[in-house]
Amino acid sequence: MTYPPPPEGVSPPFDPHAPVDYPANYPPLPPPVYPMPYPYPYTGYPGDPYDPYRPTKPMGTNGKAIAALVTSLAGLMLCGLPSIAGIILGIVAMRETKRTGQDGFGLAVAGLVIGSVVVALVVLYIVFMVVVVANSTSYNSY
C-alpha cells in the first residue's frame, strides 16, 4: 500500500516502526542502574541470622531426651534394668540435640547420669551381696 506524497512544506508522518539511524561514532549508553528497592541483609555467611536456606530449629523438646530421663528414673524402682535403656537413649538424644539444635540436651545428660549412677549402684549391690553370701558362716558343711 502506498501513500500519496505529502504536500510541499509538510514533513512526512512519523513511523514508529522505522529503524533508528544513529551516527557511526555514537557511543552506546550503558544500561540504567536502578537501586535495590530495600537493603537485602543476606550475606551468605554461615552465621547469618537472615539465611533463608538454613534449616530451622525443630519445635519442642527432644522425645528421646525425655524418655532417657524417665527410663533412668524408672530404674530406681525396677532393679536398674530400665536404666540401661536410659543410658542408651541419653547418648542418642545428646547427639541428636547437638546436631539439630533442638531443646533437651540437659534432659539427655541428666538421663545419662542418673542411669549410670543407678546401674553402678545395682552392680555394687550385687557384688556386695555375693561377698556377704560367700563370707557368711551360717551354712553347714557335713
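Note on M77/V127: beta-carbon distance plugged into 1/(1 + (r/R0)^6) with R0 of 25 Å gives a FRET efficiency of 0.75. Counting every alpha-carbon pair across the range 76-142, the share separated by more than 20 Å comes to 47%.
Here, each number is a calculation from the coordinates, and none is a lab measurement. None of the values given here were measured: they were computed from a predicted structure. Using ideal geometry, Cβ is built from the backbone for each residue, glycine included, and neighbour counts are taken over all protein chains shown.
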